[in-house]
Amino acid sequence: MEIYADNAATTKMSDAAIAVMTDAMKNYYGNPSSLYLKGQRAKEKLEQARLEIADIINAEPREIIFTSGGSEADNQALLTAALLGGKKGKRHVISTAFEHHAILHTLKKLEKNGFEITLLPVHENGIIRLSELEDAMREDTCLVTVMTANNEIGTIQPVSEIGALCRKKGILFHTDAVQAVGHIPIDVKAQSIDMLSASAHKFHGPKGTGFLYCRRGIALSNLIEGGAQERGKRAGTENLPAIMGMAAALRESAEGMEAHNAHKAAVRDHLIRGLSQIPHSALNGDPSERLSGNVNFSFEGIEGESLLILLDRRGICASSGSACTSGSLDPSHVLLSIGRIHDVAHGSLRLTIGEDITLEQADYIIKNVKEVVEYLRSFSPVWRDLMSGKREFILK
Amino acid sequence: MALYSDKVMDHFMNPRNVGIIENADGIGEAGNAKCGDIMKMYLKIDDDVITDVKFETFGCASAIASSSMATELIKGQRVEDAMKLTNKAVAEALDGLPEYKMHCSVLAEEAIEAALKDYQSKKNS
């Protein structure tokens, strides 16, 4: 059996997106900036994609800027807010401890350039507290950036409430919605979102393409200079096939969203129930305020990379927050941010299921995770110490 | 290219000398405080010759493979020769490890050294 359970890393491309992209590559190869008909036809397709995407998140087409993906959109949003804030002497930014590195590393860069950064705690359930956000807000706060849904533990933040609070205080609000767009409903107007980042390959679109929503009236700063594309805010000939593929994939995801979520949530809860039977294990992140496709567990006494490789041998693709998988020797900052100590973060497993998952596949996952965890524990000196009482269990 | 060599995968999938030795003549443990991996070695020694060796490891595939390979390399060796085991020899015997996984082979060297020292201190006391 082969099960792809790493949809937070990337997703399989939709057939509709592939068809649209093939058509674009064959028939719409003109440069959208050219004035002859072939170029203008391509331009029409580009604007049609923009309109469709804008429509799905309740934005205006001119508020959508196509980028190379979520990371670029995050970088551009933060740089824009920092430049706008800096002009008014506002050099304070609020974010959270468990943002994606595209946010955290950009914030580090801002910090080196004289900005002050406050990272809100996300607590054991992986959700920020609005009162703490309000307390952190200052006269010189120029931006609040909080991800809509976390990429590792899938927890969903109270975006509408954060947006309303920021609007009331006159602070720009950006959200990294890379894991959320195409998976949960987004309405940038109703949720008072000023800027939002999205990435096509997280919702069955192509890699290397995404977009930044930027509310009308906010003067975007460029990361890439050199041309009049995207109203001068992002130079470079547009990747039209990918953009058209993204629009097709998003339309499909939006149309199927409700049915997909109902199905995925049922399978997710089945997986959580099954994996909870493994002794000394725990679910990471809030059990209900999480993406319907996300399951993240810690198993005490084992290490995640070994677990992943053995699961791969049994046909299961998954991911882990273990230090051994990071290349940096540090375990996941997300798991540390929700209070998991190093040892427990070490034995973590993330399963992110897609809408094509079946209950039979979920049972296969449960059976194999159980077997592999038991096997790895059988020769783990940490597990031996836990069982003999030399070391105390953290996960009861 | 795969992350690991075939040898690493072989020793990870079919680790040699897994387990513990009751009443071992030498026991040694090594851990990497940063990554969190822990290795434990058990030695049976007769007349300064390692007649049996077992290991337990909490760690990634390369840590498990390094433990397995290290036990194979010292089994049957004299204590003074086993003392000379280097992490490089372990990594080479595995047809190499990725650069950022070299510390796993260091753990194997350290755990064996600790077990041999434990044996020597018991012998001398």
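The values are calculated or read from the model by the stated rules, or taken from the named source; none is laboratory data. The shown structure was predicted, so the numbers you read here are calculated from the model rather than taken from an experiment. Virtual Cβ from ideal backbone geometry, glycine too; neighbours counted across all protein chains shown.
Of the numbered criteria (1) β-branched (Val, Ile, Thr); (2) surrounded by fewer than 24 Cβ atoms within 10 Å (Cβ to Cβ); (3) not in a loop (DSSP other than H, G, I, E, B), the one B:Ile20 fails is (3). Of the residues making up the range B:94-112, those that are surrounded by fewer than 17 Cβ atoms within 10 Å (Cβ to Cβ) and either touching a residue at least 12 places away in the same chain (Cβ under 8 Å) or among the β-branched types (Val, Ile, Thr) (or both) are B:Asp95, B:Gly96, B:Pro98, B:Met102. Checked against the criterion of being within 26 Å of A:Ser322 (Cα to Cα) and of a type in the set (Val, Ile, Thr), the candidates A:Thr141, A:Thr155 yield just one match: A:Thr155. Looking across B:Ala65, B:Ala24, B:Ala2, one residue alone is closer than 23 Å to B:Lys101 by Cα and at pLDDT 95 or above. It is B:Ala65. Taking the range B:74-125 on its own, how many of its residues are out of contact with any Ser or Thr (no Cβ under 9 Å at 6 or more places or on another chain), in a loop (DSSP other than H, G, I, E, B) and modelled with pLDDT under 95? Adding up the residues that qualify gives 1. Within the range A:229-258, restricting attention to residues that are in contact (Cβ under 8 Å) with a residue 60 or more places away in the chain and small (Gly, Ala, Ser), the residue that is surrounded by the fewest Cβ atoms within 10 Å (Cβ to Cβ) is A:Gly256. Scanning the range A:335-373 for residues that are over 16 Å from A:Ala318 (Cβ atoms) and within 14 Å of chain B (Cβ to nearest Cβ) returns A:Leu336, A:Arg340, A:Ile341, A:His342, A:Asp343, A:Val344. List every residue pair whose Cβ atoms sit under 7 Å apart, with the two residues 6 or more apart in sequence or on different chains, where the first one lies in the range A:368-385 and is touching a residue at least 60 places away in the same chain (Cβ under 8 Å) and under 17 Å from B:Ala63 (Cα atoms) and the second, anywhere, is of a type in the set (D, E, K, R) and not in a helix (DSSP H, G or I). Here the result reads A:Ser380/B:Glu56; A:Val382/A:Arg391, each pair linking the range A:368-385 to a residue that is of a type in the set (D, E, K, R) and not in a helix (DSSP H, G or I). Restricting the range B:50-66 to residues that are among the β-branched types (Val, Ile, Thr) and within 12 Å of chain A (Cβ to nearest Cβ) leaves a set whose member that is nearest to A:Glu300 (Cα to Cα) is B:Thr57.
All of B:Leu73, B:Leu94, B:Leu116, B:Leu85 fail the test of being more than 14 Å from chain A (Cβ to nearest Cβ) and closer than 17 Å to B:Met13 by Cα, apart from B:Leu94.
Residue check: is A:Ser197 surrounded by fewer than 23 Cβ atoms within 10 Å (Cβ to Cβ) and under 18 Å from the mean Cα position of the chain (by Cα)? Considered against the rule, which asks whether it is surrounded by fewer than 23 Cβ atoms within 10 Å (Cβ to Cβ) and under 18 Å from the mean Cα position of the chain (by Cα), A:Ser197 comes out as no. Looking only at the range B:19-49, residues that are more than 14 Å from chain A (Cβ to nearest Cβ) and touching a strand residue (DSSP E or B) at 6+ places or on another chain (Cβ under 6 Å) come to 6 in all.
Within the range A:43-66, residues that are closer than 15 Å to A:Gln191 by Cα and not assigned by TED's automatic domain parsing to the domain that holds A:Ala177 reach no partner that is among the hydroxyl-bearing types (Ser, Thr, Tyr) and at pLDDT 95 or above with beta carbons closer than 8 Å at six or more positions or on different chains.
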